[in-house]
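What follows is one structure encoded as structure tokens, with my remarks underneath.
Each reported figure results from applying straightforward, stated rules to the coordinates on display, with no laboratory input. Keep in mind it's a predicted model, so treat the numbers as computed, not measured. Cβ sites come from the backbone with ideal geometry, for glycine too, and all protein chains shown count toward neighbours.
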Amino acid sequence: MSRTRQNRMSKRTLEQWLSEYSVSHQNLVNKKIHWLCVPTIFVSILGMGMSLSVWFTLVLSALVLLFYMRLSTPLFMAMGIFILICLSVMTLLPWGFKIWAAIFVLAWIGQFIGHKIEGKKPSFFEDLQFLLIGPAWVANSLMGRKKK
């Protein structure tokens, strides 16, 4: 990828990211699958990470939150709360790496079924940063905010 394109991509606004993400998330069934599977994937990644290295997972979570803070303060706060909820769930359900990995795989299968129904490939095939926009898209939906 060229440096010019990379710089342009890194300066997108939250609305631009969400608008691009929404293109491949129009079908109601696909949307519902994503509303379930995206948070499930997020918590399973944290679960796998926490079972391997608590400190690394917490540092990585902080870096992810910095990405969201650059895009939007309300999004940063919503995702911070979500991460705290995820950590609480992990405390209540002290599953090991294998269980979190199985949940991760099943949720991704759900995502790909949703995209098969939609008839469009996942956004992250174009740009890996969309892996962080999926949770933002769900959070934005839950906060009742619509794209402009």
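Mind running the shape call on region 40-148? Use the C-alpha gyration tensor, a ≥ b ≥ c as the square roots of the eigenvalues: rounded below 1.5 for a/c, prolate if a/b tops b/c, oblate otherwise.
Oblate is the answer for region 40-148, as a/c is 1.5 or above yet b/c matches or exceeds a/b.
Summing Lys, Arg as +1 and Asp, Glu as -1, what charge do residues with Cβ under 11 Å from the Cβ of G110 carry, G110 excluded? Each step should come with its number before you reach the end.
On the way: positive: K32, K116; negative: none.
With Lys, Arg at +1 and Asp, Glu at -1, the net is +2.
If you count, for each residue, the other Cβ atoms within 10 Å and average over each peptide, how do 125-134, 31-40, 93-102 line up from highest to lowest?
31-40, 125-134, 93-102
Return the distance in nm (one decimal) between the two label points of a simple spin-label model at L128 and K11, each offset 7 Å from Cα along Cα→Cβ.
Those two pseudo-labels are separated by 2.3 nm.
Under 1.5 on a/c is rounded, so check that first for region 108-148, then, if it is not, pick prolate when a/b is larger than b/c and oblate when it is not; a ≥ b ≥ c are the square roots of the alpha carbon gyration tensor eigenvalues.
Numbers: a/c = 2.02, a/b = 1.53, b/c = 1.32.
In terms of gyration-tensor shape, prolate.
What is the sum of charges around K121, taking Lys and Arg as +1, Asp and Glu as -1, for the other residues whose C-beta is under 15 Å from the C-beta of K121?
-2
For region 101-109, take each phi angle, set θ = phi - 60°, evaluate the Karplus expression 6.51 cos²θ - 1.76 cosθ + 1.60, and give the result in whole Hz per residue in order, putting x for glycine and proline.
After applying 6.51 cos²θ - 1.76 cosθ + 1.60, I find 5, 5, 4, 4, 5, 4, 5, 5, 4 Hz.
Show that you can apply the helix-only estimate: for the chain, add -39,500 (n - 2.57) for every DSSP H stretch of four or more residues, divide by all residues, and state [θ] at 222 nm to the nearest 500.
Numbers: 7 runs with 115 residues, N = 148.
That calculation yields -26000 deg cm²/dmol at 222 nm.
So for Y21, Y68, fewest C-beta neighbours within 10 Å to most, what's the order?
Working: Y21 21, Y68 24.
Result, fewest neighbours first: Y21, Y68.
Take the Cα of K120, step 7 Å along the line toward its Cβ, and report every residue of region 24-42 whose backbone nitrogen sits under 19 Å from that point.
Answer for this model: 24-39.
Given a Förster radius of 22 Å and the C-beta distance between R70 and M143 as r, what FRET efficiency does 1/(1 + (r/R0)^6) yield to the nearest 0.05? Please report the intermediate quantities before stating the final value.
Numbers: r = 18 Å, r/R0 = 0.80.
With a Förster radius of 22 Å, E is 0.80.
Using Cα pairs closer than 8 Å and at least 6 residues apart in sequence, work out the relative contact order for the chain, in percent.
44
With each pseudo-label sitting 7 Å past Cα toward Cβ, what's the A102-I81 distance in nm, one decimal?
The answer from the label model is 3.2 nm.
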